[in-house]
1. What order do E90, E35 take when sorted by accessible area (1.4 Å probe), most exposed first?
2. Under 18 Å from the Cα of K24, which aspartates and glutamates turn up, not counting those fewer than eight places away in the same chain?
3. When the solvent-accessible surface of protein heavy atoms is calculated with a 1.4 angstrom probe, in what order do V78, V31 fall, highest first?
4. Within the set of other residues whose C-beta is less than 12 Å from the C-beta of V91, count the net charge using Lys and Arg as +1 and Asp and Glu as -1.
Amino acid sequence: MAAIGSLVFCTACGSLLEPNTGHKRTIMCDVCSTENEDTSSKVVVTSSKPSAFPSTLRTKLTTDVQELSEADRKTDAVIKQACENCGHDEVRYYTQQLRSADEGSTVFYTCPNCGHKWNTNN
């Protein structure tokens, strides 16, 4: 008898054998009447060490934590658009997807001159 995963096959004719419902150690083949040893209950446990599968990403990882300053996190861009509050000709903006994927993103504007903030939905 051969076992592939949880399937058990007859060693004489190769037919798929019915699972053993009792506590018998043999299964009778319905096709050729051969008695086959029930090996379906075997449990195979494997384990591996991290070194068994080398990874270039794992070798690049360090335990150091990178710190970002407020200036590093600044993602605003500058656009030539008049501020709706003070009329300054350049404003900072960033976009963010707040609605569903088939709708446009929201653009957030900030005036560097007066600090006025507003947004538009694209």
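1. Values: E90 65, E35 120 Å².
Per-residue accessible area, sorted high to low, gives E35, E90.
2. E35, E37, D38
3. On the way: V78 80, V31 110 Å².
Heavy-atom accessible area, descending, gives V31, V78.
4. Working: positive: K80, R92, K117; negative: D76, E84, D89, E90.
Cβ neighbours under 12 Å give a net charge of -1.
The values are calculated or read from the model by the stated rules, or taken from the named source; none is laboratory data. Here the structure is a predicted model, which means the values were calculated and not measured. Note that we place each Cβ from the backbone using ideal geometry, even for glycine, and neighbour counts take in every protein chain shown. For the accessible areas, the whole protein counts, side chains as well, though only heavy atoms, and no ligand, DNA or RNA atoms are used. Shrake-Rupley method; radii C 1.70, N 1.55, O 1.52, S 1.80 Å.
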